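The values are calculated or read from the model by the stated rules, or taken from the named source; none is laboratory data. What you are looking at is a predicted structure, and each value in this text was computed from that prediction instead of being measured. All Cβ positions, even for glycine, are placed from backbone atoms using ideal geometry, and neighbour counts span all protein chains on display. Please note that ligands, DNA and RNA were not included when accessible areas were found on the heavy atoms of the full protein model with its side chains. Shrake-Rupley method; radii C 1.70, N 1.55, O 1.52, S 1.80 Å.
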Amino acid sequence: MSLQSALERLATYRANNTRASQDIFRNGLLVLQKSSFKKLGDDGWTSLEQLALASIDVGRLDIADQCLQLIADKFPNSPRVDCLIGIRMEATEPPETALKYYADILEADSANVAIWKRRISVLRRTGKVEKAVNELVQFLDTFYTDVEGWLELADIYASCNQYDHSFQALSHVLLLTPQNPFYVLQAAETAYTSDDFSLAIKMFLTVVDMTDADDSEQLLQESTPLGITVRAWFGVKLCTRRIAQNANLKSLSNTSAPKNLELLDELATERLRVAYSSSGQKGEIAKGRQEVFTWVATPLA
């Protein structure tokens, strides 16, 4: 592989935020061996950082140490280098050593976001969930607009079966990024898991509204639901059944159940039939078609 091709692949992985450690290691090693990073300016040093992280992933700590030494010599006292050293430390040192290293840095600079996140990650990975939550809540009190932090908090709560708290964390995500349908879908599924079916169906329908590009009734009938929209229609179908089966179940969020439940169920059935009746390239979703048709044909109550 040529040096130019290697640099292009590394740049593509960075642009797409892709963690393909094996391939990054192979391409990055070529850049390191030819010492090309010194001639590429900022991109060259970024590629070296990329190689260092990939080397840790694939267990080539010797290459990682070589990269870190070069980066540290070039950028002494850099907060970014401090974070890389901490990640390297996590690979071989006891968790307590890494936690102390991160705590010392935070004591000197409490606004170091990357170090704070690494510390929270170590706490969670070592089973210290309560401490991780406390640290994360403190972090989010300081950096409220950090969407990744709220998503991490929601995930921690969900892993502990505390779905109400998980949904509360996701509600902050929706305030910060209201136009992302994937986050709305995650919130809908969390509400469904916590048995708040009235709220869940409302949010599933919001996902449909956000992801279905065809607004007119005529186009809606002709269009084929794909991807996240199909998942949302499955959610609507599940919610209509659970609400019909548990008419007296109270919504934890005090969300009223839809009055036109049967119409929503029929619409969800029709949309799922269309999705699984498609052919050609779009028809990849049609696998399991007969099972889906049998399931959606089951009476509402």
Open item on the list: Against the definition (modelled with pLDDT under 85, out of contact with any helix residue (DSSP H, G or I) (no Cβ under 9 Å at 6 or more places or on another chain) and of a type in the set (A, V, I, L, M, F, W, C)), how does A286 come out, yes or no?
Closed with: no
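Would you pick out the residues in the range 111-142 that are in a loop (DSSP other than H, G, I, E, B) and over 25 Å from L175 (Cβ atoms)?
Taking the range 111-142 and keeping what is in a loop (DSSP other than H, G, I, E, B), we get 111-112, 126-128.
Within the range 111-142, N112, T126, G127, K128 meet the criteria.
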Task: Hits in the range 118-134 - residues which are under 18 Å from A154 (Cβ atoms) and either surrounded by 20 or more Cβ atoms within 10 Å (Cβ to Cβ) or touching a strand residue (DSSP E or B) at 6+ places or on another chain (Cβ under 9 Å) (or both) - done: I120, L123, A132, V133
TODO: Scan the range 230-240 and give yes if some residue there is modelled with pLDDT under 80 and either open to solvent by 90 Å² or more (accessible area, probe 1.4 Å) or not basic (K, R) (or both), otherwise no.
DONE: no
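Please tell me if T145 is open to solvent by 30 Å² or more (accessible area, probe 1.4 Å), of a type outside the set (D, E) and assigned to a loop (DSSP other than H, G, I, E, B).
Working: open to solvent by 30 Å² or more (accessible area, probe 1.4 Å): yes; of a type outside the set (D, E): yes; assigned to a loop (DSSP other than H, G, I, E, B): yes.
Yes; evaluated as a whole, the condition is true for this residue.
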TODO: Scan the range 106-133 for residues that are without any contact (Cβ under 8 Å) to a residue 24 or more places away in the chain and within 17 Å of P94 (Cα to Cα) and report the count.
DONE: 4
- [ ] Among the residues of the range 71-94, write down those that are in contact with a helix residue (DSSP H, G or I) (Cβ under 8 Å, 6 or more places away or on another chain) and open to solvent by 50 Å² or more (accessible area, probe 1.4 Å).
- [x] K74, F75, P79, R80, I85, A91, T92
Task: Failed item in (1) touching a Phe, Trp or Tyr at 6+ places or on another chain (Cβ under 9 Å); (2) open to solvent by less than 30 Å² (accessible area, probe 1.4 Å), with T177 passing the rest - done: (2)
TODO: Determine which single condition Q138 fails, assuming it passes every other condition in (1) under 22 Å from L53 (Cα atoms); (2) modelled with pLDDT of 95 or more; (3) open to solvent by 60 Å² or more (accessible area, probe 1.4 Å).
DONE: (1)
Open item on the list: Among (1) of a type outside the set (D, E, K, R); (2) assigned by TED's automatic domain parsing to the domain that holds N17; (3) open to solvent by 20 Å² or more (accessible area, probe 1.4 Å), there is one condition A111 misses while meeting the rest; what is its number?
Closed with: (2)
TODO: For residues that are on the phi < 0 side of the Ramachandran plot and outside any helix (DSSP H, G or I), tally how many sit in the range 171-196.
DONE: 6
Task: Counted residues, the range 37-55 - those being assigned to a helix (DSSP H, G or I) and either within 16 Å of A91 (Cα to Cα) or open to solvent by 10 Å² or more (accessible area, probe 1.4 Å) (or both) - done: 13
Task: Top-ranked residue of the range 6-36 - restricted to ones that are among the hydroxyl-bearing types (S, T, Y) and either modelled with pLDDT under 85 or part of a loop (DSSP other than H, G, I, E, B) (or both), ranked as nearest to D57 (Cα to Cα) - done: T18
